[in-house]
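Every read-out reported here was derived from the displayed coordinates using simple, explicitly stated rules and does not represent laboratory data. Remember, predicted model here, so these are calculated numbers, not experimental data. Neighbour counts run over all protein chains shown; Cβ positions are idealised from the backbone, glycine included.
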Amino acid sequence: MHAHTMFTWLTRRRRATRRLGMPTQTSAEDHRYFFISNDQGEAMRLNLQHFMFAREFGSDRAVPVQVLPQPIELLDVACGTGFWAIQQAKELAPFGANVVGFDKQLPAATTSSERPDNCLLIAGDALDRFPFGDAAFSYVMMRACSAFVPRAHWPAFLREAARVTRPGGFVEVRDFGVVVSESQAMTTLTRIFTQLADSVGIYPGAGPHLRTIFSASGFSSPRIMTRQVRFGRPRGTPGGSLMVTDYLAVLKRVTVPISQSGITWNHSPITATRWADWLVEAEADSQQGKKTAVQLTCAVARRAA
């Protein structure tokens, strides 16, 4: 389906869905892998994460608009709050671009006055076949998807992105590595969080694996860029404080899964209280300027013409 035809079709479908009273989002309970809660606090965290990536890489998108296949149509996979999609729609409106975002939980911004007419946000599960025709978009963004994509599913996930990308278009993935810290409490939290991720079959951070994942998905020669985000004395990086705030929020939100996981530390069960004590200590260490860092990876590949 032609890109602008796709956008028009999606817009009409969205209006019909509202008029007929059909469901506009999928059930939160049937999400198979995502174990971080979806509420206002999570929305704020996702927006902080957006700014962190943008500050460290210097932009929201590694591909200049001038090289995107015309007509310009962007897709934000698992778009979260819809913030990136909305900002891109505003920025690229002078180029006649349209932006579509989809997520398991329909973003509240769907009906917001902040959403411009050239931005559409719809419900859809990124672990299933994407709800679009082949070759519909000139650019696809997939950011911080480690939290819900199983390790074994990553190649299929990238192949879906390739399927909906037009020849000559681009797929971009941005993700984390594993946090390292001078704080003993932060290090303990990270090691246990990594065990939790392993137990449910996801990467604690897919960033270091992106080159391999792209190759397994049929892409050749992805462009890989890395940035080390640093927080603490003597000098951090632009996104350092956002990184620590984001990471501590994630660790706090996995308190219940951790306490129910059966994971032990020093031969003792990890209770919610014990986890909370480590969080308090890690936050205090951060306030004292102890160093914490993580590597971000941006991988970009072009679909063969």
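Here are the numbers for this structure:
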{"item": "For the stretch 158-199, fraction of C-alpha pairs farther apart than 14 Å, in %", "result": "63"}
{"item": "Whole-Å semi-axes of the ellipsoid equivalent to the stretch 41-167 (Cα gyration tensor, √5λ, descending)", "result": "20, 19, 15"}
{"item": "Listed pairs K90/K291; K104/K291; K104/K252 exceeding 31 Å between Cα atoms", "result": "K90/K291; K104/K291"}
{"item": "Sequence-separation-based contact order of the stretch 134-238, relative, with Cα cut under 8 Å and 6+ spacing, percent", "result": "30"}
{"item": "Residues R211 and R233, FRET efficiency given R0 of 51 Å [Cβ-Cβ distance, rounded to 0.05]", "result": "0.95"}
{"item": "Where GluC sites (Glu not before Pro) fall in DSSP loop in the stretch 145-197, at most 16 other Cβ within 10 Å", "result": "E182"}
{"item": "Relative contact order of the stretch 198-297, defined on C-alpha pairs under 8 angstrom at six or more residues apart (%)", "result": "38"}
{"item": "Partner aspartates and glutamates for K290 [C-alpha distance under 13 Å; skip if fewer than 8 residues away on the same chain]", "result": "E182, E281"}
{"item": "Distance-filtered residues of the stretch 111-135 - backbone nitrogen under 18 Å, label point 7 angstrom along F95 Cα→Cβ", "result": "116-120"}
{"item": "Within-12-Å neighbourhood charge of R61 [Cβ basis; K, R +1; D, E -1]", "result": "-2"}
{"item": "For the stretch 100-199, convex hull volume per residue from C-alpha positions, Å³", "result": "145"}
{"item": "For the stretch 186-305, convex hull volume per residue from C-alpha positions, Å³", "result": "124"}
{"item": "Full-extension gain in nm, L48 to D198, via 0.36 nm per residue minus C-alpha separation", "result": "51.4 nm"}
{"item": "Loop sites in the stretch 172-259: trypsin sites (Lys or Arg not before Pro), DSSP, at most 16 other Cβ within 10 Å", "result": "R235"}
{"item": "For the stretch 234-289, diffusion coefficient by Stokes-Einstein and Kirkwood Rh (Cα), 10 °C, 1.306 mPa s, µm²/s", "result": "127"}
{"item": "Cβ-Cβ FRET estimate between Q66 and S241, R0 fixed at 25 Å, reported to 0.05", "result": "0.15"}
{"item": "Hz values of 3J(HN,Hα) by residue in the stretch 241-253 - Karplus curve (6.51, -1.76, 1.60), Gly and Pro given as x", "result": "5, 5, 4, 5, 4, 4, 5, 4, 5, 4, 4, 5, 6"}
